[in-house]
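S.K.: Please see the structure below; I have some questions.
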């Protein structure tokens, strides 16, 4: 499968998986926690135990990660359903608060044999804290290696190895029996903890290991049918883009709220975006093939919504980025500009942007809404930034030069212009709308005047149909062949002062009338 098809499949699966992901249910799977001290003390044996534990959970179709002890903190644990501590895992006091809070918040802690009974230098702890969390008394002794008969839920297993002789606290429940040690149970459980007194994953007893896994899943209380694993590299670009979008949306929120209260809904959306940023940070750091695909689409949706609601321009992020940095800068300027009452609005691309309206019409409240490089469809994207809230008396639009130059959406050009103008008319019913033709281009641009005039004919018909006034700028600036008069341009597209003089003279009566 080529990379393009892989990306398409990745996006499709991400969309499907996102349906099952809610902001209040970010926990996914099991993390086997390893610690450096145990690795040093036990060497390859510890690595073998961890690997077997991982494979056992993985083969049981449980989303499983192997994480270092550094992830035993509240910020990381909130993204996991369960933590598993395997034989001989040493735990520092720092982990106590994190695991205690984890269990209190609904997480599951599971451990085997002598986990947490030793310190980081391999010495038996006098008062280990993990047993109390797991529901058994701390005074645990270890049996001699041997062969034991273990019965759980009516099923009898032969177990070879050592066992911890642990007594459950009143808050916990013993599960099963050890024939040779009738006073002690092979498993001790609470609602959110599972303890195996057996040296599982070192003794390699698949049946009893499966009992342990089933108990962990029962404590978690969820199925993992909707969890799909995806390699980080296959969705790396999507994840990177989503994290960038989150940062941009949060930046817009902070920038806007310096001067404006956006309300409780947007504030809550911002907080949710921070949560998704943390979730993706965890997923990227751990390279989790389970968390990444499940988080990325909901995170993207929140980021998009926040950006649109918090941004001064209130334009979707994708549109801003597609339109380019110059367009984005102009609409940001529009969003912050003081608009006079009852303005006369000029809408367009660079010809309009460079039109020195204040010079030509110094005694009128003119408003320039030109953006260099814009197309007809771009006017619709920024329709709410045209000063309509100040009830303009007149609107002049000249847009389409870039549609012609770059052969951009010519098939829908007239409809794109009409859509924006009808929006203006609907929002300001009494406004006078003047539809100016596309200006001519110089001969060296290689665009036939007929192409432009055909579009202008469409504009004229559209204007007549809707009661707008059509203004023939093309003929005022064109020579006998239909090309832009050389004296009116320096580059074949934009106008010289002489060209603007002609344009201004053409519309002066309409502006002042």
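The values are calculated or read from the model by the stated rules, or taken from the named source; none is laboratory data. None of these values were measured; they are calculated from a predicted model. So basically every Cβ, Gly included, is an ideal-geometry build from the backbone, and we count neighbours across all protein chains shown.
S.K.: Take the residues of segment 205-238 that are touching a strand residue (DSSP E or B) at 6+ places or on another chain (Cβ under 6 Å) and either part of a helix (DSSP H, G or I) or modelled with pLDDT of 95 or more (or both): which is farthest from residue 156 (Cα to Cα)? Steps first, answer last, please.
M.R.: So in segment 205-238, the residues touching a strand residue (DSSP E or B) at 6+ places or on another chain (Cβ under 6 Å) come out as 205, 207-208, 211-212, 215-216, 219-220.
If we keep only those that are either part of a helix (DSSP H, G or I) or modelled with pLDDT of 95 or more (or both) too, we end up with 207-208, 211-212, 215-216, 219-220.
Values: 207: 10, 208: 10, 211: 12, 212: 14, 215: 17, 216: 20, 219: 22, 220: 25 Å.
By that ranking, first place goes to 220.
S.K.: When segment 337-348 is examined, which residues are found to be out of contact with any strand residue (DSSP E or B) (no Cβ under 6 Å at 6 or more places or on another chain) and either free of Cβ contacts under 8 Å to residues at least 40 places away in the same chain or buried (at least 22 other Cβ atoms within 10 Å of the Cβ) (or both)?
M.R.: Listed by number, the residues that qualify are 337, 338.
S.K.: Given the structure, is residue 28 under 27 Å from residue 292 (Cβ atoms), modelled with pLDDT of 90 or more and in a loop (DSSP other than H, G, I, E, B)?
M.R.: Judged against the criteria, residue 28 is a match.
S.K.: Residues that are in contact with a helix residue (DSSP H, G or I) (Cβ under 6 Å, 6 or more places away or on another chain) and over 30 Å from residue 506 (Cα atoms): which strands (runs of 3 or more DSSP E) entirely in segment 284-402 hold 2 or more of them?
M.R.: none
S.K.: Residues being within 17 Å of residue 250 (Cβ to Cβ) and crowded, with 22+ Cβ neighbours inside 10 Å: count how many of those fall in segment 283-301.
M.R.: 5
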